[in-house]
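Student: Take this structure first; my questions come after.
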Amino acid sequence: MLRKILFISLAMVLVVGISSADFSQKPPKKKAKKAAVKSDAAEHNGIVWYNMTDGFAKAKKEKKILVVDVYTDWCYWCKVMDKQTYENASIVKKMKKYCVAVKFNPENNGTHTVNDQTMTSDQLARYLNKGGRIPGYPMTFIWKGLTDNSKIQPYSGYMDTTYFNAVINKTIQE
């Protein structure tokens, strides 16, 4: 009987000790490494993507073609174009040599400066599409000769590698 009482007492001490132990402490978090990003540019699959203001200024300064990828976060075909078209090695090589790439989500509020005009995201979308609303996503605008917005070429919808390559080749040769 005494043995039983000692066993129960010892069990209760262990249970109380374990239940009062502080397991809430979490191990220290590792410090996140900061990504080295120039201005608002971000490299994705070999292509450096800029915001509209920085990309436009860079393309104008370097006399390159401006490729504006208009997308939304919810757009399935935008993601397919990112994975298939913009990850293609020949497209990446050509874009790096002849183009400046811009990612633009018109659903995100912001201000953008193009040809000394500051615009909201909605105004920029209309500017690129020559006054009209963006008809669907993805939408790609190819712009060579950045002083005249009448030279912006719109391409609505998903463009596979072959079609996108033909568009870029045509623009380079113009």
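Student: Among residues belonging to segment 144-165 that are without any contact (Cβ under 8 Å) to a residue 24 or more places away in the chain and surrounded by 12 or more Cβ atoms within 10 Å (Cβ to Cβ), point out the one that is nearest to Arg133 (Cα to Cα). Don't jump to the end; show me each part of the working.
Tutor: The initial filter retains those residues of segment 144-165 that are without any contact (Cβ under 8 Å) to a residue 24 or more places away in the chain, namely 145, 148, 150-151, 153, 155-156, 162-163.
Going one step further and asking which of them are surrounded by 12 or more Cβ atoms within 10 Å (Cβ to Cβ), we end up with 145, 151, 153, 155-156, 163.
Values: Gly145: 23, Lys151: 17, Gln153: 15, Tyr155: 13, Ser156: 12, Tyr163: 24 Å.
So, considering only residues that are without any contact (Cβ under 8 Å) to a residue 24 or more places away in the chain and surrounded by 12 or more Cβ atoms within 10 Å (Cβ to Cβ), the one nearest to Arg133 (Cα to Cα) is Ser156.
Student: Looking at Lys4, is it in a loop (DSSP other than H, G, I, E, B), modelled with pLDDT under 50, surrounded by fewer than 18 Cβ atoms within 10 Å (Cβ to Cβ) and not β-branched (Val, Ile, Thr)?
Tutor: no
Student: Being assigned to a loop (DSSP other than H, G, I, E, B) and either among the aliphatic types (A, V, I, L, M) or at pLDDT 95 or above (or both) is the filter here, so list the residues in segment 138-174 that pass it. Talk me through it step by step, then tell me what you get.
Tutor: Filtering segment 138-174 down to residues assigned to a loop (DSSP other than H, G, I, E, B) leaves 138, 144-148, 157-160, 174.
Across segment 138-174, the qualifying residues are Pro138, Leu146, Gly157, Tyr158, Met159, Asp160.
Student: Go through segment 98-110 and count every residue that is within 20 Å of Asp73 (Cβ to Cβ) and of a type in the set (Val, Ile, Thr).
Tutor: From segment 98-110, those within 20 Å of Asp73 (Cβ to Cβ) are 101-110; that's our starting set.
Subsequent filtering for residues that are of a type in the set (Val, Ile, Thr) retains 102.
Selection size over segment 98-110: 1.
Student: How many of the residues making up segment 69-94 are surrounded by 13 or more Cβ atoms within 10 Å (Cβ to Cβ) and within 15 Å of Gly136 (Cβ to Cβ)? Full working, then the answer.
Tutor: Residues of segment 69-94 surrounded by 13 or more Cβ atoms within 10 Å (Cβ to Cβ): 69-72, 75, 77-82, 84-88, 91-92, 94.
Next cut, within 15 Å of Gly136 (Cβ to Cβ) only: 69-72, 75, 77-81.
Total satisfying the criteria: 10.
Student: Can you tell me how many residues in segment 95-137 are part of a strand (DSSP E or B), crowded, with 17+ Cβ neighbours inside 10 Å and of a type in the set (Val, Ile, Thr)?
Tutor: Total meeting the criteria: 3.
Student: Please identify the pairs in which a residue from segment 49-75 that is more than 22 Å from Gly157 (Cα to Cα) and touching a residue at least 12 places away in the same chain (Cβ under 8 Å) has its Cβ atom under 8 Å from the Cβ atom of a residue that is in a helix (DSSP H, G or I) and of a type in the set (Ser, Thr, Tyr), counting only partners at least 6 apart or on another chain.
Tutor: Lys64/Tyr98
The values are calculated or read from the model by the stated rules, or taken from the named source; none is laboratory data. Since we're looking at a predicted model, the values are computed, not measured. Heads up, the Cβs are rebuilt from the backbone with ideal geometry, glycines too, and the neighbour counts pull from every protein chain shown.
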